[in-house]
1. Can you name every residue in the range 233-247 that is in contact with a Lys or Arg (Cβ under 8 Å, 6 or more places away or on another chain) and either of a type in the set (Ser, Thr, Tyr) or closer than 29 Å to Glu140 by Cβ (or both)?
2. Tally up the residues in the range 202-245 that are assigned to a loop (DSSP other than H, G, I, E, B) and under 19 Å from Arg185 (Cα atoms), please.
3. Restricting the range 251-281 to residues that are surrounded by fewer than 18 Cβ atoms within 10 Å (Cβ to Cβ) and touching a helix residue (DSSP H, G or I) at 6+ places or on another chain (Cβ under 7 Å), which is modelled with the lowest pLDDT?
4. I need the full set of residues from the range 119-165 which are outside any loop (DSSP other than H, G, I, E, B), over 22 Å from Thr272 (Cβ atoms), in contact with a Leu (Cβ under 9 Å, 6 or more places away or on another chain) and polar (S, T, N, Q), in order please.
5. Pairs only if they're at least six apart or on different chains, beta carbon under 8 angstrom, first in the range 259-279 and on the phi > 0 side of the Ramachandran plot, second modelled with pLDDT under 80 and surrounded by fewer than 17 Cβ atoms within 10 Å (Cβ to Cβ); list them, first residue then second.
6. Return yes or no: is Thr202 surrounded by 14 or more Cβ atoms within 10 Å (Cβ to Cβ) and either aromatic (Phe, Trp, Tyr) or farther than 23 Å from Gly248 by Cα (or both)?
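The values are calculated or read from the model by the stated rules, or taken from the named source; none is laboratory data. The structure presented is a predicted model; accordingly, all values stated were derived computationally and were not measured. Cβ placement follows ideal geometry from the backbone for every residue including glycine, while neighbour counts extend to all protein chains displayed.
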Amino acid sequence: MLISTAMIYAVGLLIDKFDNKQKIRTALFIISLVYNLGILIVFKYSTSFIENINSLFGANIYNPKLPLPIGLSFYTFQALSYVIDVYLRKVKVQKNIINFKLMENHSNNNNLAISVQNLTKRFPHITAVDNISFNVKRGEIFGFLGPNGAGKTTTINILCTLMPPTKGTVLVNNFDIIKQPLAVRKSIGIVFQETTLDNHLTVDENLYLHAKLYGLNKNQYRRQAYPALKLLDIENIRTKTISQLSGGTKRRVEMARVFIHQPQILFLDEPTVGLDAQTKNKI
């Protein structure tokens with residue numbers, strides 16, 4: 001019985017360690033093999049032990065003509081089956097609870113444009129973002145305020161999949177930035193702190209290049225470019241090269257560019273920095 005108890009205890013430890021049925025079956029096979037070999041050795045070299053077993057539990061426990069103690073093995077594996085059955089039932093209940101919570105969270109996340117939980121970004125000698133959490137609802141304007149070096153741009157770069165986090169969970173438009181980066185990029189528009197326009201191309205060429213990168217054809221571009229240009233009051237400068245434009249006008253072109261592929265979320269990293277008050281108000 002001590003061997004049986006030890007065997008059941010070992011199975012319990014394995015169940016705690018493994019969550020895969022195949023691994024449990026393999027472990028049970030090994031334990032069963034060791035168990036039966038141990039019983040054979042004990043029953044071969046200990047006559048007094050056999051007599052004690054027979055006197056305590058009845059002659060049906062062990063028949064000397066059989067290679068194994070049938071009764072003892074039967075009850076042992078019945079106990080093992082019970083332990084495994086309870087474990088699998090417990091796992092099934094836990095999975096159902098988890099699935100329910102995931103469905104509930106998915107329903108709640110449908111109202112969120114961005115969900116950030118325990119986001120951290122560490123560099124070799126500094127922690128730029130330290131365990132921040134926040135949610136941004138759809139249709140909401142959300143801003144980062146802080147001094148230089150506070151981690152604002154680092155956070156935006158992580159949200160835009162340009163930089164991996166050290167730890168934490170980030171969902172943008174219900175897409176995981178680590179597991180689904182392409183889906184995230186298709187659903188967002190970005191105006192960076194520094195200009196990213198090509199000075200040798202015209203306004204129209206810059207915007208069309210952006211449209212092609214997002215998979216838009218020429219007809220889609222024409223249909224979607226004019227409303228964006230008109231919104232920023234720059235529809236009359238489409239043929240001018242970027243190098244001919246003032247700083248404020250370049251910023252308007254960059255603002256118009258993010259609307260071309262009709263993103264669901266916009267990231268604006270200090271879009272009005274260095275501009276005069278009139279241009280800031282216009283943007």
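1. Of the range 233-247, the ones in contact with a Lys or Arg (Cβ under 8 Å, 6 or more places away or on another chain) are 233-234, 242.
Asp233, Ile234 - these are the residues of the range 233-247 that are in contact with a Lys or Arg (Cβ under 8 Å, 6 or more places away or on another chain) and either of a type in the set (Ser, Thr, Tyr) or closer than 29 Å to Glu140 by Cβ (or both).
2. Residues of the range 202-245 that are assigned to a loop (DSSP other than H, G, I, E, B), as a first pass: 214-217, 232-234, 238-240, 245.
Narrowing further to those that are under 19 Å from Arg185 (Cα atoms): 214-217.
Result for the range 202-245: 4.
3. Applying the filter and picking the extreme gives Gly274.
4. Asn131, Ser133, Asn135
5. Glu270/Gln193
6. Values: surrounded by 14 or more Cβ atoms within 10 Å (Cβ to Cβ): yes; either aromatic (Phe, Trp, Tyr) or farther than 23 Å from Gly248 by Cα (or both): no.
Taking the combined requirement at face value, the residue does not satisfy it.
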